[in-house]
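Trainee: Pasting a structure here, questions to come.
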Amino acid sequence: MNTDNTEAQEYFTQKSADYYRYHYEDITSKTKYPSLYLRHRYTLEMLGNTKGGKALDIGCGSGAMARELLDRGFDVTAADISQGMLDATRKTTAKHPRAKHITFTQQDIEHLTLPDNTFDVIICTGVIEYLKSDDKACAELARVLKPGGVAFVSTQNRASLARFFEEALFLIIPRRLKNKIVTVKQHRTHTPWQLDREMRRVGLTKEDFAYHHFYPLPIPLDRIFPRFCVWAGKQMERWHKKAWAWTLATGFVVQYRKAATQDNRSFLGTGPSRASSVAVSRPMRSGVHANYSKASQTK
């Protein structure tokens, strides 16, 4: 597959064999933060009781979300830039009672070979931070989402205090040490309002949000006191629906909706976009705290 994102493709292919176990099974570790597990649970929390229809899991990873979508009666398209991740998702869902309702396709999110207005739900978590820019990916998500459909998009939070200290640290440490810490050079961060602006530009309106991975101490103190930071961060997850949580959390996931009468031409053409006039909805607040003991829910 031709792609401009070969580094991310190679990175996730290398991680694919052990990805599910590392992020979704070993969540009770006292020294490792269950960040992806929490992002996964909060996304499902926002999805609520929505069942049935067509769902696209773009950046499907090892298949944890695809299996949840099958449980909810969706016809699932599992897509990833990495063939290794697609193989992992195929293995994760192979014995599911509704395994016939999932298809697998290798895709680059910036160049989707999928029809317009196809999906009722799109899950795009842990993807856009590995791209060089947002424009193409956001436009593609809006193009394939049905009018009235919802998309869940996550990224890393640039506005958090922990990120501020991290970036300050990277300005003073030697380049060779920085390269050991940052494993994927395209890894980017966004402020919450930056992502909202990008999505409004393509006609998607914010409806809900959740923050995750809280830092009680600034980087690099989390490396020095890992047990305390994991324990305290988990306690802070009770704030994941608070509007001010962007100051302390390093990741977030947002629910966006496409207008029921949305015309793709309004933002995919060469003329000015009508999507810029869409107002942002007030986010809902459910305040449900993650239950770390229910790891089996993602298996």
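The values are calculated or read from the model by the stated rules, or taken from the named source; none is laboratory data. All of these numbers come straight from a predicted model, not from anything done at the bench. As a convention, Cβ positions derive from the backbone with ideal geometry for all residues, glycine included, and neighbour counts pool all protein chains shown.
Trainee: Are there any pairs with C-beta distances below 6 angstrom linking a residue in the stretch 25-37 that is within 11 Å of residue 234 (Cα to Cα) to a residue that is assigned to a loop (DSSP other than H, G, I, E, B) and hydrophobic (A, V, I, L, M, F, W, C), with the two at least 6 apart or on different chains, and if so which?
Mentor: Matching pairs, first to second residue: 34/27.
Trainee: Whether any residue in the stretch 229-236 is modelled with pLDDT of 60 or more, more than 30 Å from residue 148 (Cβ to Cβ) and outside any helix (DSSP H, G or I) is what I want to check.
Mentor: There is no residue in the stretch 229-236 that is modelled with pLDDT of 60 or more, more than 30 Å from residue 148 (Cβ to Cβ) and outside any helix (DSSP H, G or I).
Trainee: Okay, next question. How many of the residues in the stretch 61-91 are of a type in the set (Val, Ile, Thr) and surrounded by fewer than 22 Cβ atoms within 10 Å (Cβ to Cβ)?
Mentor: The number of residues fulfilling the criteria is 0.
Trainee: When you scan the stretch 102-132, how many residues do you find that are polar (S, T, N, Q) and closer than 25 Å to residue 211 by Cβ?
Mentor: 1
Trainee: With the structure loaded, tell me whether residue 58 is within 23 Å of residue 149 (Cα to Cα), modelled with pLDDT of 95 or more, surrounded by 21 or more Cβ atoms within 10 Å (Cβ to Cβ) and more than 17 Å from the chain's Cα centre (by Cα) or whether it fails that test.
Mentor: no
Trainee: Still on this structure, please answer the following. Spot the failing condition for residue 196; the list is (1) touching a strand residue (DSSP E or B) at 6+ places or on another chain (Cβ under 6 Å); (2) in a helix (DSSP H, G or I); (3) of a type outside the set (A, V, I, L, M, F, W, C); (4) crowded, with 21+ Cβ neighbours inside 10 Å, and only one is missed.
Mentor: The number of the failed condition is (4).
Trainee: Every residue in the stretch 100-143 that is under 14 Å from residue 54 (Cβ atoms), touching a residue at least 60 places away in the same chain (Cβ under 8 Å) and surrounded by fewer than 21 Cβ atoms within 10 Å (Cβ to Cβ), please.
Mentor: 116, 117, 118, 120
Trainee: Would you mind stating whether residue 15 is under 23 Å from residue 251 (Cα atoms), basic (Lys, Arg) and either at pLDDT below 90 or crowded, with 24+ Cβ neighbours inside 10 Å (or both)?
Mentor: Spelling it out, residue 15 is indeed under 23 Å from residue 251 (Cα atoms), basic (Lys, Arg) and either at pLDDT below 90 or crowded, with 24+ Cβ neighbours inside 10 Å (or both).
Trainee: Note down all Cβ pairs under 7 Å where the first residue falls in the stretch 190-216 and is closer than 20 Å to residue 142 by Cβ, the second is charged (D, E, K, R) and modelled with pLDDT under 95, and they're at least six residues apart or on different chains.
Mentor: From the stretch 190-216, the pairs are 190/158; 198/134.
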